[in-house]
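Visitor: Please find one structure pasted underneath; my questions will follow.
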Amino acid sequence: MQAYASMTKEQLQEEEAKLRRIYKEYQDKGLKLDMSRGKPSAEQLDLTMDLLNAVDKETVMSAENGLDVRNYGGLDGIPEAKRLLAGMMDAKPEQVIVCGNSSLNIMYDTVARGMIFGYLGETPWCKLDKVKFLCPVPGYDRHFAVTEHFGIEMINVPMSEDGPDMDMVEDLVSEDDAIKGIWCVPKYSNPQGVVYSDETVRRMANLKPAAKDFRIFWDNAYAVHHLYGAENGQILNILEECEKAGNPDMVFEFASTSKVSFAGGGIAGFAASPANLADAKKSMTIQTIGYDKVNQLRHAKYFKDFDGIMKHMEKHAALLRPRFELVLNTLEKELSGLDAGTWISPKGGYFITFEAVEGCATRIVELAKQAGVVLTPAGAPYPYGKDPKDSIIRIAPSYPTLEDLGLAAEVFTVCVKLATVEKYLEK
C-alpha cells in the first residue's frame, strides 16, 4: 500500500473520493458504537456475580479483629481488606487505609487536604500565590480534571517508553517550590500502557524537591491488569524506594478493585508513610465514622487473598485480550505503510493509544462521531484538553461486544485515512 505522503495530488484526490464512498456506507448503517471510556464489559462484570453471595444472613459479620462490620468504627478498614489491597499495591497492610469504592474519590480528597489544610504542618496550598502540578502526557483526563478543579496550574511532562522525562521532572521540582505534586500511572499507564522502568522509579523516589510538601500521586490503577502475564508489568516498590532514598513521606499510592470486581461497588484505598497516614486521619475522622465494612468483608471472603485476585484477573485477561488484538490487528491491516499514524501494543491496562498525523486527531474523532462511533474527545489525555499536536486518540476496547468492536475499529481506520488524506491535500 502506497504511503499517503508519497502520493501525487491526483492520487490523493482519487483516494479521498474512494474513502468518502466507503465512509458514506458506514454512515448509512445508523451505527451506535462506543469506544470512549475504559468501562468493563457486561461479561467482565458477570465474572464476579458470586461476590454478592459471599456474605449472607448466616455469615458471622465480624472481621478477624472482632469488629462488627455492620456497625460504626474501623476507619482504617478491616484487616482482611487491608491485606487484600496491600497485595495489589505491593505494600504492607499497616501502610494501607481502605476507603470506599473509588480511588478517584481518595485522590480528590488528598488534593483537597493539601489545598485546605496542608500536609504535615506545611502551609495550605490555598494560601499560596501559585500551586503547580506536573502532568506526564499523554495521561489520565480525570487526574487533570481534579487539579484543574482546584485551580492548580498544570505543566506537561513528555512520556517515553520508560515513563516520564525524568531529566525534566528533576529540574522542575528542584527549582520551583510552587510545584507540589506529580500524577503518575506507573503500570500500564493511561493511555499508552507504559510500564515505568526501574531507573524511572528510583529517580522518582530520589527527587530533591524545593517544596517540602511535594507529593508523588502514584495511581496504581492497573496493578493487576495484565493481558499477557504479570511478568510484563513488574515495577519497583515506590514506598520502599522512597524510604531508601530518605523520602518516606513523598508518596501517596492509590488502588481499587473497580475493574476487578464491580466498577461501582468495589473497594479502594491508599498507602503511605505512618506520618502521612496519621495526617490524613485528622481529616478522615471528621469526614466519616467509617466506610462500608460489609463490602470489605464481602471482598475478603470472595477473593481470600492476593493470589485469589490474580487468578480472577486471568479470567478478565481472557476476555480483554481478543478485544485488544482485534483492534490492533485491524490497525495493522488497514493502516500499516500508509504514514497515517502509529500505535502502541500494550501488555496490560485498558487502552490503546493512536498517534495520528499532526493536526488530525480532532477531525478523526469528529468523523467517527458522524459515522456513529463515539471516541474519547481529542485532547482529553492532556491538561485543559489541549493536545499541542492534535494527534493523540485514546481507544477503549473493553466495553463493546467483539462484533461491535470489529465494526467500530473498521470505521475508525476509515476515518483515520480520510482525515489524513484531507490533511495532505491541504498541504
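The values are calculated or read from the model by the stated rules, or taken from the named source; none is laboratory data. Everything quoted here is computed from the prediction, not taken from an experiment. Backbone-built Cβ (ideal geometry, glycine too); neighbour counts: all protein chains shown. Surface accessibility is based on the protein's heavy atoms, side chains included, excluding ligands, DNA and RNA. Shrake-Rupley method; radii C 1.70, N 1.55, O 1.52, S 1.80 Å.
Visitor: So how compact is the chain: Cα radius of gyration and Dmax in angstrom?
Guide: Using the Cα atoms of the chain, the pair Rg, Dmax is 23.0, 78 Å.
Visitor: Which percentage, to the nearest 5, of the DSSP beta bridges contained in the chain is antiparallel? Present the calculation step by step, with values, prior to reporting the outcome.
Guide: Details: 18 of 38 bridges.
Roughly 45 percent of the beta bridges in the chain run antiparallel, per DSSP.
Visitor: Further question on the same structure: Give me the percent relative contact order of the range 131-264, please, defined on Cα pairs under 8 angstrom at least 6 residues apart. Intermediate results must be reported in sequence, preceding the final value.
Guide: Details: 231 pairs, mean separation 30.9, N = 134.
Reported relative contact order: 23 percent.
Visitor: I would also like to ask the following. Skip the ligands, DNA and RNA, and give the accessible area per residue of the chain with a 1.4 Å probe, whole Å². Each step should come with its number before you reach the end.
Guide: Values: 18300 Å² over 427 residues.
Roughly 43 Å² per residue, with all protein chains present.
Visitor: Okay, next question. Report relative contact order for the chain in percent, whole number only (criteria: Cα-Cα under 8 Å, sequence separation at least 6). Write out the running numbers ahead of the final one.
Guide: On the way: 835 pairs, mean separation 114.1, N = 427.
Taking the mean separation of contacting Cα pairs over the length of the chain, I get 27 percent.
Visitor: Considering only C-alpha atoms, what is the centroid distance from the range 278-333 to the range 120-139, in Å?
Guide: 28 Å
Visitor: Another question about this same structure. If you place +1 on the Cβ of every Lys and Arg and -1 on the Cβ of every Asp and Glu, how big does the dipole about the Cα centre of the range 204-310 come out, in debye to the nearest 20?
Guide: 360 debye
Visitor: Further question: With everything on Cα atoms, drop me the angle between helix 79-89 and the longest principal axis of the chain, reported from 0 to 90° to the nearest 10.
Guide: Once rounded, one gets 40 degrees.
Visitor: When the chain is modelled as a GNM with alpha-carbon springs shorter than 10 Å, which of Glu334, Glu170, Glu14 fluctuates the most?
Guide: Answer for the Gaussian network model of the chain: Glu14.
Visitor: Would you mind telling me the share, in percent, of accessible area of the range 313-427 contributed by carbon and sulfur at probe 1.4 angstrom?
Guide: Values: 2200 of 4450 Å².
Ligands and nucleic acids excluded, carbon and sulfur give 50 percent.
Visitor: A follow-up question, please. For the range 219-270, with the dipole built from +1 on Lys and Arg beta-carbon atoms and -1 on Asp and Glu ones, taken about the Cα centre, which of Gly229, Asn247, Phe270 lies farthest toward the positive end?
Guide: Gly229
Visitor: Tabulate in residue order the Karplus-calculated ³J(HN,Hα) for the range 187-202, using 6.51 cos²θ - 1.76 cosθ + 1.60 with θ = phi - 60°, rounded to whole Hz; enter x for Gly and Pro.
Guide: 10, 6, 3, 8, x, 7, x, 6, 10, 4, 6, 4, 4, 4, 4, 5
Visitor: Moving on to the next point. Based on Cα coordinates alone, diagonalise the gyration tensor for the range 278-427, multiply each eigenvalue by 5, take square roots, and list the semi-axes in whole Å, largest first. Don't skip to the answer; put the middle values down first.
Guide: Details: eigenvalues 298, 94, 32 Å².
Here the semi-axes work out to 39, 22, 13 Å.
Visitor: Over the range 353-427, what is the mean sequence separation of C-alpha contacts under 8 Å (at least six apart), divided by residue count, expressed as relative contact order in percent? Could you put the intermediate results ahead of the total?
Guide: Details: 87 pairs, mean separation 28.8, N = 75.
Dividing the mean separation by the residue count of the range 353-427 yields 38 percent.
Visitor: If you don't mind, another one. Given a 10 angstrom Cα cut-off, can you work out which residue in Asn101, Asn232, Asn220 is the most mobile in a GNM of the chain?
Guide: Asn232
Visitor: Where the only charges are on Cβ atoms (+1 Lys, Arg; -1 Asp, Glu), what is the dipole of the chain about its Cα centre, to the nearest 20 debye?
Guide: Numbers: 48 positive and 62 negative charges, 187 e Å.
It comes to approximately 900 debye.
Visitor: Continuing with this model, one more query. May I ask you to evaluate 6.51 cos²θ - 1.76 cosθ + 1.60, the Karplus curve with θ = phi - 60°, for each residue of the range 371-380 and list the ³J(HN,Hα) values in order in whole Hz, giving x for glycine and proline?
Guide: Those phi angles translate into 9, x, 10, 8, 10, 4, x, 4, x, 4 Hz.
Visitor: Could I ask something else about it? Could you order peptides 360-367, 299-306 by the average number of other Cβ atoms within 10 Å of their residues, highest first?
Guide: Values: 360-367: 22.8, 299-306: 19.5.
Averaged packing, sorted descending, gives the order 360-367, 299-306.
Visitor: Let me ask something else about it. Residue farthest toward the positive end of the dipole of the chain, with Cβ of Lys/Arg at +1 and Asp/Glu at -1: which of Val374, Phe324, Ile309?
Guide: Sorting the options by dipole projection puts first Val374.
Visitor: Quick one: with all protein chains in place, what share of the accessible area of the range 54-101 is carbon or sulfur, to the nearest percent (1.4 Å probe)? Please report the intermediate quantities before stating the final value.
Guide: Details: 1100 of 2350 Å².
Accessible surface attributable to carbon and sulfur in the range 54-101 totals 47 percent.
Visitor: How big is the charge dipole of the range 181-222 about its Cα centre, in debye rounded to the nearest 20, if each Lys and Arg gets +1 on its Cβ and each Asp and Glu gets -1 on its Cβ? Before the final figure, lay out each step's value.
Guide: Values: 6 positive and 4 negative charges, 32 e Å.
About 160 debye.
Visitor: Tell me which residues come under 5 Å, amide H to amide H, from Trp343 once H is placed; ignore anything under 5 positions away on its chain.
Guide: Under 5 Å from the amide H of Trp343: Glu355.
Visitor: Ranking request for peptides 21-32, 105-116: highest mean number of other beta-carbon atoms within 10 Å first, then the rest in descending order.
Guide: Result, highest mean Cβ count within 10 Å first: 105-116, 21-32.
Visitor: Which ³J(HN,Hα) values, rounded to whole Hz and listed in residue order, are derived for the range 324-338 from phi using the Karplus coefficients 6.51, -1.76 and 1.60 in 6.51 cos²θ - 1.76 cosθ + 1.60 with θ = phi - 60°, glycine and proline given as x?
Guide: After applying 6.51 cos²θ - 1.76 cosθ + 1.60, I find 4, 5, 4, 5, 5, 5, 5, 4, 5, 5, 8, 10, 4, x, 8 Hz.
Visitor: Tell me, how many Å apart are the Cα centres for the range 194-229 and for the range 10-76?
Guide: The range 194-229 and the range 10-76 have Cα centres spaced 26 Å from each other.
Visitor: Can you tell which of His143, His226, His312 shows the greatest fluctuation in a Gaussian network model of the chain with Cα springs below 10 Å?
Guide: His312
Visitor: State which entries of Lys180/Lys301; Lys32/Lys347; Lys386/Lys423 exceed 31 angstrom in Cα-Cα distance in the structure shown.
Guide: Violating the 31 Å limit, Cα to Cα: Lys180/Lys301.
Visitor: Please determine, in degrees from 0 to 90 and to the nearest 10, the orientation of helix 9-27 with respect to the longest principal axis defined by the Cα atoms of the chain, where the helix direction is its Cα long axis.
Guide: That helix lies at roughly 60 degrees to the long axis.
Visitor: Among Lys132/Lys281; Lys9/Lys417; Lys187/Lys212; Lys82/Lys281, which pairs are too far apart, with a Cα-Cα distance over 23 Å? Intermediate values should be presented prior to the final figure.
Guide: On the way: Lys132/Lys281 25 Å; Lys9/Lys417 15 Å; Lys187/Lys212 26 Å; Lys82/Lys281 16 Å.
Going by Cα-Cα distance, Lys132/Lys281; Lys187/Lys212 fall outside the 23 Å limit.
Visitor: Further question on the same structure: For Phe270, enumerate residues with amide H under 5 Å from its amide H, sequence gap 5+ or separate chain, H modeled in the peptide plane.
Guide: For Phe270, whose amide H was placed from the backbone, the distant partners under 5 Å are Ile97, Cys99.
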